[in-house]
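Shown next, in structure tokens, is the structure this report addresses.
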Amino acid sequence: MKRWFSLFLAFGLCLFFASPAMGLVPPPILPTSVRILDIAGLGKVEADLANQKLVFTCYNPGNVPLEYSILAGGNYSQSEAGGWGSSEVTPAVKKETLPHYQTFLVTIARYEKIGVALCRENDGMLAFCRLGEYTGDLTPTPVLNLSGLGKCEADLVNQKLAFTCTNPGNVPLEYSILAGGSYSQSEAGGWSSPEVTPAIRRETLPHYQTFLTAIARYESLAAAICRENDGRLAVLQLKSVQPSPTPTPTPTEPRITLVQPKGGESLVAGDSYQILWVTLNSPRLPNQVRIQFSSNGGMDWTPVATAPNNGAFTWSVPQVRTTQARIRLIWEGSQNLQTIAEDTGANFTIALRPQGLIIQKLATQDSVAAGEPITFNLLVSNSEDQALYYVRVTDSLPAGTTFVQAPATA
């Protein structure tokens, strides 16, 4: 009897807690398909969550194919649907593996039309954000533009991306290209090395690829996602960010700041040295700068050169020995602009190269038998009336001899 009562009680409790009338909420029904992008006259991409697939559909197969790409992690893949190039791309509907537990970028494009979305799949559910769609008939010109700072233009004839810094010699225009799984970056109008000095830099335009390109300068940034096909370009410009004027007062007058020398450097007469500077609010400044040199801490100044205001000048260090060297930059003002000058603010040193060295090479014996060691002494003396710096002595071995050893302190 007890056994039947226990079974009856267990059965009743199961009915009690499982009854919908008592407030039990059934599990949600997850969507099996999500439409990520859909562009009229072009195509669409959907997520088949049940089978973990991305489904690409071309709306006009047999004409111009639907190009698509997937960037997931460091892996990039691309293909087309409704095309005619080969049998595997002929079908109007193509299926690709949906990146599992990953954030990925998916694009569809056809010539000047493009759509882009950022997605994340997790436990059979999909979060996605449409970054935008561009369905215009003409490619935006330029591809990117930061007002007063720089731009990016596509040269489709020569398959180049041209990055232009509109204020070279000041702060350079930084740019980058993410094409497939490869990333590259550089700058235009800079001063860090000769190859980035030009105000216009050209890079290879990624052919038959979806790529992201960006230009930036400090707080200003513009980016676009592009797709090139048959010499035509689809461009989706993302929102540009340029900071609004700060409420705190900022200097509006033109300024010049020396980057180097700044004081404390040790230079050698006769060497070439890069004088670098930065200009602020430079549109009001002339395009020439006068460079001057002082060997006595700024008491007297002598001209060096009048150079373009591009932020860099190669200086031949003069033949003068001093510990009070300084450099000064000057713009001559117009009627409404006073003279602007900037010097190093601290002294640097110039040393002369050794000129009065006397070197004697003496052997310890007049003759030696084959295989016996012979010792040479090098005597170095300074015939000048001042100390010499940066002295280095080299010597050649006589014919028929080989080097054995030398004192560590020699």
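The values are calculated or read from the model by the stated rules, or taken from the named source; none is laboratory data. Being a predicted model, the structure only gives us computed values, none of them experimental. When we count neighbours, we look across all protein chains shown, and the Cβ atoms used for this are built from the backbone with ideal geometry, even at glycine.
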Determine which single condition Tyr101 fails, assuming it passes every other condition in (1) out of contact with any Lys or Arg (no Cβ under 8 Å at 6 or more places or on another chain); (2) surrounded by 16 or more Cβ atoms within 10 Å (Cβ to Cβ); (3) over 21 Å from Gln209 (Cβ atoms); (4) without any contact (Cβ under 8 Å) to a residue 40 or more places away in the chain.
(2)
If we keep only residues of the stretch 168-196 that are aromatic (Phe, Trp, Tyr) and closer than 26 Å to Arg227 by Cα, then the residue modelled with the lowest pLDDT is Tyr183
Name the single residue that is nearest to Leu357 (Cα to Cα) among those in the stretch 368-392 being at pLDDT 75 or above and in a loop (DSSP other than H, G, I, E, B).
Thr375
Quickly run through the stretch 303-348 and pick out the residues that are modelled with pLDDT of 90 or more, polar (S, T, N, Q) and closer than 27 Å to Gly190 by Cα.
Thr314, Ser316, Asn347
In the stretch 77-92, how many residues are surrounded by 19 or more Cβ atoms within 10 Å (Cβ to Cβ) and either farther than 20 Å from Ile39 by Cα or in contact with a Ser or Thr (Cβ under 8 Å, 6 or more places away or on another chain) (or both)?
3
Hey, Cys129 under 21 Å from Val241 (Cβ atoms), assigned to a strand (DSSP E or B) and in contact with a Phe, Trp or Tyr (Cβ under 6 Å, 6 or more places away or on another chain) or not
no
Odd one out for Tyr68, checked against (1) in contact with a strand residue (DSSP E or B) (Cβ under 9 Å, 6 or more places away or on another chain); (2) assigned to a loop (DSSP other than H, G, I, E, B)
(2)
Residues of the stretch 84-97 being outside any strand (DSSP E or B) and modelled with pLDDT of 85 or more, which ones?
Thr90, Pro91, Ala92
Can you tell which of Phe56, Phe17 is assigned to a strand (DSSP E or B) and either at pLDDT 50 or above or farther than 30 Å from Ile108 by Cα (or both)?
Phe56
Just give me the residues in the stretch 234-245 being of a type in the set (S, T, N, Q) and touching a residue at least 40 places away in the same chain (Cβ under 8 Å), in sequence order.
Gln237, Ser240, Gln242
Filtering the stretch 179-228 down to residues that are aromatic (Phe, Trp, Tyr) and over 20 Å from Ala109 (Cα atoms), which residue is surrounded by the most Cβ atoms within 10 Å (Cβ to Cβ)?
Trp191
Go through the stretch 99-126 and give me each residue that's under 31 Å from the mean Cα position of the chain (by Cα) and not in a strand (DSSP E or B).
Pro99, His100, Tyr101, Gln102, Tyr111, Glu112
Could you list all residues from the stretch 109-132 that are of a type outside the set (Val, Ile, Thr), buried (at least 23 other Cβ atoms within 10 Å of the Cβ) and in contact with a Ser or Thr (Cβ under 6 Å, 6 or more places away or on another chain)?
Lys113
Answer yes or no as to whether Gly231 is surrounded by fewer than 17 Cβ atoms within 10 Å (Cβ to Cβ), in contact with a Pro (Cβ under 9 Å, 6 or more places away or on another chain) and touching a residue at least 60 places away in the same chain (Cβ under 8 Å).
no
Boolean, Ser186 is hydroxyl-bearing (Ser, Thr, Tyr) and not in a strand (DSSP E or B):
no
